[in-house]
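J.: Below you'll find the structure I mean.
The values are calculated or read from the model by the stated rules, or taken from the named source; none is laboratory data. Every value quoted in this text rests on a predicted model; they were computed, and no experiment measured them. Glycine also receives a Cβ, built like all others from the backbone with ideal geometry; neighbour counts cover every protein chain displayed.
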């Protein structure tokens, strides 16, 4: 049973790491602010969910798991909110999405 738990933990941590790496590559390679924000906004919540779930599996049902659940809830609420606030501020400051550059209304 302990081997299965360790295997599931390793799978969750590995998947979370791969998703985080994919988001980092997207932030580095994509051309403008909004596409970069989209890449990191999608992957950071999934990465945090998978990594924290793996840590919860490893720690068992304890106070540590409760703290990890609170951290996960906090991240799942604040991450999309922060991405939305950044996008709204960028639009307000005149940053144009790549698809709308060069078009005049």
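J.: Give me the pairs: first residue in segment 61-77 and touching a residue at least 60 places away in the same chain (Cβ under 8 Å), second residue part of a helix (DSSP H, G or I) and surrounded by fewer than 11 Cβ atoms within 10 Å (Cβ to Cβ), beta-carbon distance under 8 Å, and six or more apart or on different chains, which are they?
T.: So the pair list comes out empty.
J.: Continuing with the same structure: Please identify the pairs in which a residue from segment 24-48 that is in contact (Cβ under 8 Å) with a residue 60 or more places away in the chain has its Cβ atom under 8 Å from the Cβ atom of a residue that is surrounded by fewer than 16 Cβ atoms within 10 Å (Cβ to Cβ) and part of a helix (DSSP H, G or I), counting only partners at least 6 apart or on another chain.
T.: Once the first residue is in contact (Cβ under 8 Å) with a residue 60 or more places away in the chain and sits in segment 24-48, its partners that are surrounded by fewer than 16 Cβ atoms within 10 Å (Cβ to Cβ) and part of a helix (DSSP H, G or I) give 31/98; 32/98; 34/98; 35/98.
J.: Another question about this same structure. Which of the residues that make up segment 81-105 are closer than 26 Å to residue 17 by Cβ and either out of contact with any helix residue (DSSP H, G or I) (no Cβ under 9 Å at 6 or more places or on another chain) or at pLDDT below 90 (or both)?
T.: Hit for segment 81-105 is 81, nothing else.
J.: Can residue 25 be described as at pLDDT 90 or above and farther than 30 Å from residue 95 by Cα? Talk me through it step by step, then tell me what you get.
T.: Working: at pLDDT 90 or above: yes; farther than 30 Å from residue 95 by Cα: no.
Taking the combined requirement at face value, the residue does not satisfy it.
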